[in-house]
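Beneath this line is the structure, given in C-alpha cells, with notes to follow.
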Amino acid sequence: MEGDDFTGDIRILGIETSCDETAAAIVADGCFVLSNVIFSQIDVHRVFGGVVPEIAARNHVGKIDRVVQMALDEAGIGLADISAVAVTHGPGLVGALLVGVNFAKGLAFGANLPLIGVNHLEGHIASVYLENAGFSPPFMTLIASGGHSHLVYVKDFTEFEILGKTVDDAAGEAFDKVARSLNLPYPGGVEIDRLAKAGCAKSINFPRSRLGDSLNFSFSGLKSAVLNFLNSAKMKGEDISPANIAASFQEAVVEILVEKSLRACNLKDCGRLAVVGGVACNSRLRALLAEKCAEAGIALHIPKPVYCTDNAAMIAAAGFHRFKSGDFADSSLNAVPGLRI
C-alpha cells in the first residue's frame, strides 16, 4: 500500500492485555498513531521476580476503563469517530486476555462498532507499519519476545509463513531466567543489556544451539550452560564476573538470532528484514543486525522501543488490515492463550 492511499479516515481503537501491560491506542489507517497509552505493571511484579498471572488480570480489571478513555482523550476523539475495536485475543495469559476481550466486546456492542480479534504476534509484525506509511509486504520478520522467537515471512498484510520458531525457551524467557540467576531485577532483559556493556563477550564460550539446518530456535541449553557455570564456580569457590557472564550469554543469543534471520532472508531471496518484539530493544542485537544486514545488502527495519514492547498501537495497526479484509469477530470471540499465527 502506497503512502498516498492513507487518508486517516479509518481509525481503529486497539486494546492489549495479553500479559502485564494494560494498553489502548488509536491508530489511523494502520500507521498514524493518534494516541498510545500504556499502564505498565513492572513495579507490581518486580517483587515476585516475574509476572504473576492472577495479579496481572486483577490490575487489568482496575485500569482498562481509564486507559481506554485516556487513549480517546489523547487522540481528541470520541467513540463516534472510531471505525472498529481491535483486541488481542491470544496468545498470552488467559486471565489477562479475558479482561481485554470482554471489555472490547462490551464496548463494541454498546457503541455498535465492528469487533476485530487480533493475534498478538500479528500485532508485533504490524508494529513495523507504525509511522511508516510506505512500508508493506513482502518482507522477513524476526519476532523476539519473552514468549516467542519466530521467523515469519510476511507475504501480505494478513498472510504469513512461519519458517522457524522456538522449540523450548524463547530468547526473552532465557534473558529473564539468566538475569534471575545473576540476582538481577525483573525485567531481566533490560538488566542483562545494561550489565553486558561492562563485560567482555568473548570471556566465556557459551554454546550456540544451531539445530542443524533448521531455522527453529533453542535457548534452553544455553540457559542451562549459564546455570551450570555459576553452580560450578560456586562449588569451587571461584570468583565470577556477572558482567562477563551477561555479555557472553547475550552474545550467544544475539549471534543465533542474527545468523538465522539472515539465513531466512537468503532462503526467500528477501532483501528486507523487520525485527520486532521486546528483545528487539536489545542494544547488542540492534548493533549486530545493523552490521550484518549492511554487509549482506539487506534493508533493516526495527520499530522504536515503545512499539517493540507490548502496546496497543500495534494491535490497532493489525486490526486495520483485518478491517480492510472484512475479517470481523462476533460475540463468541474468546481468549485463546495458545493461539497460533
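Report the residue count in the stretch 324-340 for those that are under 23 Å from residue 53 (Cα atoms) and either buried (at least 19 other Cβ atoms within 10 Å of the Cβ) or among the polar types (S, T, N, Q) (or both). Before you say what the answer is, go through the steps one by one.
The first filter runs over the stretch 324-340 and keeps only residues under 23 Å from residue 53 (Cα atoms), leaving 333-340.
The next check asks that each one be either buried (at least 19 other Cβ atoms within 10 Å of the Cβ) or among the polar types (S, T, N, Q) (or both); those that pass are 334-335, 339.
So the answer is 3.
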Among the residues listed as 245, 315, 256, the single one being in the same structural domain as residue 19 (by TED's automatic domain parsing) and part of a helix (DSSP H, G or I): 315
Test set (1) in a helix (DSSP H, G or I); (2) out of contact with any Ser or Thr (no Cβ under 9 Å at 6 or more places or on another chain); (3) in contact (Cβ under 8 Å) with a residue 60 or more places away in the chain - residue 288 fails condition number: (3)
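Could you tell me whether any residue of the stretch 312-322 is within 22 Å of residue 169 (Cβ to Cβ) and of a type in the set (Val, Ile, Thr)?
no
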Residue under evaluation residue 131, criteria (1) over 14 Å from the mean Cα position of the chain (by Cα); (2) at negative phi; (3) not hydroxyl-bearing (Ser, Thr, Tyr), criterion not met: (2)
Residue in the stretch 312-323 that is buried (at least 17 other Cβ atoms within 10 Å of the Cβ), out of contact with any Leu (no Cβ under 6 Å at 6 or more places or on another chain) and of a type in the set (Phe, Trp, Tyr) present: yes
The stretch 65-105, residues that are more than 26 Å from residue 29 (Cβ to Cβ) and surrounded by fewer than 19 Cβ atoms within 10 Å (Cβ to Cβ): 65, 66, 94, 95, 102
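For the stretch 26-45, what are the residues that are over 20 Å from residue 8 (Cβ atoms), modelled with pLDDT of 95 or more and touching a helix residue (DSSP H, G or I) at 6+ places or on another chain (Cβ under 6 Å)? So that I can check it myself, show each step before the final result.
Step one: filter the stretch 26-45 for residues over 20 Å from residue 8 (Cβ atoms), giving 38-45.
Right, trim to modelled with pLDDT of 95 or more and you get 38-39.
Correct list: 39 only.
Quick check on this structure: which one of 209, 203, 214 is farther than 27 Å from residue 298 by Cβ and outside any strand (DSSP E or B)? Even if it seems obvious, please write down each step before you answer.
On the way: 209 fails: farther than 27 Å from residue 298 by Cβ; 214 fails: farther than 27 Å from residue 298 by Cβ.
Result of the check over 209, 203, 214: 203.
Criterion first (more than 19 Å from the chain's Cα centre (by Cα) and crowded, with 18+ Cβ neighbours inside 10 Å) does residue 223 satisfy it? Please lay out each step first, then the result.
On the way: more than 19 Å from the chain's Cα centre (by Cα): yes; crowded, with 18+ Cβ neighbours inside 10 Å: yes.
Judged against the criteria, residue 223 is a match.
The values are calculated or read from the model by the stated rules, or taken from the named source; none is laboratory data. Since the structure is predicted, the reported quantities are computational estimates derived from the model, not experimental observations. All Cβ positions, even for glycine, are placed from backbone atoms using ideal geometry, and neighbour counts span all protein chains on display.
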